[in-house]
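Just so it is clear, none of the values below were taken in a lab; they were calculated from the coordinates. On a predicted model such as this, the values are computed, not experimentally measured, just so you know. Positions of Cβ are backbone-derived with ideal geometry, glycine not excepted, and every protein chain shown enters the neighbour counts.
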Amino acid sequence: MDLLHAMSASLTGAKSLAFTAVTPCKRPSRVGPPLAYATISEVLLQRPDRLRVVTLGNGPALEFHHGRTVD
């Protein structure tokens, strides 16, 4: 628990945070087995009010912004 509390305190105190998330996905196919692919999301958070998530990969490209533009 001490390790979890220390990690949480570190994340809470951070002014910015960035990471890459790789997510496996499956979608139904019209011709047989489901289609399997991965999406890659670049996440950037700047406190107090900026968030950007850009998702790329073999699936649909998506972009989400909240707050002012993240530099």
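Okay, here's what the table says:
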| read-out | value |
| --- | --- |
| Sequence-separation-based contact order of the chain, relative, with Cα cut under 8 Å and 6+ spacing, percent | 23 percent |
| Between helix 2-13 and the chain: long-axis angle, C-alpha atoms, 0 to 90°, nearest 10 | 90 degrees |
| Distance in nm between pseudo-label sites at GLU42 and SER10 (7 Å out along the Cβ direction from Cα) | 2.4 nm |
| Length added when fully stretched, VAL54-VAL22, from 0.36 nm per residue minus Cα-Cα | 10.3 nm |
| Cα gyration tensor of the chain - equivalent ellipsoid semi-axes, whole Å, descending | 32, 18, 7 |
| Charge sum, other residues only, whose C-beta stays under 14 Å from LEU56's C-beta, Lys/Arg counted +1 and Asp/Glu -1 | -1 |
| Simple spin-label estimate for GLU63 and SER29 in nanometres, 7 Å along Cα-Cβ | 3.1 nm |
| Within the chain, helix-based [θ] at 222 nm, where runs of 4 or more DSSP H residues each add -39,500 (n - 2.57), nearest 500 | -5000 deg cm²/dmol |
